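Enquirer: Structure below; questions to follow.
The values are calculated or read from the model by the stated rules, or taken from the named source; none is laboratory data. Because the structure is a prediction, the values reported are computed rather than measured. All Cβ positions, even for glycine, are placed from backbone atoms using ideal geometry, and neighbour counts span all protein chains on display.
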């Protein structure tokens, strides 16, 4: 019985995990943009209520130094808990989220301009079922936030079948830091296992990001840099993911042959 190469499994596992990281960065930026667009209507308490309704998760902020008139969102001690179907409590802990933007660009109908975004993640916890990369808490959170953002937008007539054009934006500078990553499989079952629990020490920076080049300037280079960082600083992270994927592959093959 052949087993897929470890490098192939490792690459697949890391690509999916890093897609989650880039998605978190983009989501938090968009939440901040929506907060400015709505002139504070998307306060942490309102977002928490909406998120709880859509997914059963909760959001809280220890310190909110936002000044909407100056075009600045500043949150410290931001936490997001897991949806109610997960036993593990925490999803995301953020030391600091700061967004500095040009408010007038959100009312002129053109490209929305953000001067600087700083995202400092203290701890990211990915919790899943047996296949934690296919069924996990991050997907539940994103689905709930997507529904919350859609329901908060201005009322419009029924949309046509074709997808709506993307809102134009420019982020002049983006800085993302992720310290600790935990990955847990089999949540809520006797097979629960901590697959990864590492201090990652990942830092990423990009400039002049738009809706057209986000993949080119953020998603792909963030994934590449994260793999390089893990290989140099925390090779255990790569090996743990690779071993877990190979072990699951062998198990699935054995069960399938019965």
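Enquirer: Looking at region 185-199, which of its residues are touching a helix residue (DSSP H, G or I) at 6+ places or on another chain (Cβ under 9 Å) and within 13 Å of residue 86 (Cβ to Cβ)?
Expert: Answer for region 185-199, where residues must be touching a helix residue (DSSP H, G or I) at 6+ places or on another chain (Cβ under 9 Å) and within 13 Å of residue 86 (Cβ to Cβ): 185, 187.
Enquirer: Check off (1) in contact with a strand residue (DSSP E or B) (Cβ under 9 Å, 6 or more places away or on another chain); (2) surrounded by fewer than 18 Cβ atoms within 10 Å (Cβ to Cβ); (3) over 27 Å from residue 168 (Cβ atoms); (4) modelled with pLDDT of 80 or more for residue 84 and give me the number that stays unchecked.
Expert: Just one mismatch for residue 84, condition (1).
Enquirer: For region 205-214, how many residues are under 23 Å from residue 94 (Cα atoms) and at pLDDT below 90?
Expert: 1
Enquirer: So, in region 66-91, how many residues would count as being closer than 15 Å to residue 118 by Cβ and either part of a strand (DSSP E or B) or free of Cβ contacts under 8 Å to residues at least 24 places away in the same chain (or both)?
Expert: Residues in region 66-91 being closer than 15 Å to residue 118 by Cβ and either part of a strand (DSSP E or B) or free of Cβ contacts under 8 Å to residues at least 24 places away in the same chain (or both): 7 in total.
Enquirer: Given (1) part of a strand (DSSP E or B); (2) modelled with pLDDT of 90 or more, identify the lone condition not met by residue 63.
Expert: Result: residue 63 fails condition (2) only.
Enquirer: Still on this structure, please answer the following. Answer yes or no as to whether residue 95 is in contact with a strand residue (DSSP E or B) (Cβ under 7 Å, 6 or more places away or on another chain), within 16 Å of residue 123 (Cα to Cα) and at pLDDT 80 or above.
Expert: Details: in contact with a strand residue (DSSP E or B) (Cβ under 7 Å, 6 or more places away or on another chain): yes; within 16 Å of residue 123 (Cα to Cα): yes; at pLDDT 80 or above: yes.
So residue 95 passes the test.
Enquirer: Another question, then. What residue, among those in region 98-130 that are modelled with pLDDT under 85 and in contact with a helix residue (DSSP H, G or I) (Cβ under 7 Å, 6 or more places away or on another chain), is nearest to residue 77 (Cα to Cα)?
Expert: Ranking the candidates gives 103 first.
Enquirer: Let me ask you something else. When the residues of region 174-201 are filtered to those that are more than 18 Å from the chain's Cα centre (by Cα) and either assigned to a loop (DSSP other than H, G, I, E, B) or modelled with pLDDT of 90 or more (or both), which remaining residue is surrounded by the fewest Cβ atoms within 10 Å (Cβ to Cβ)?
Expert: 190
Enquirer: Going by the structure shown, is residue 141 touching a helix residue (DSSP H, G or I) at 6+ places or on another chain (Cβ under 8 Å), surrounded by 18 or more Cβ atoms within 10 Å (Cβ to Cβ) and assigned to a strand (DSSP E or B)?
Expert: No: the conditions fail for residue 141.
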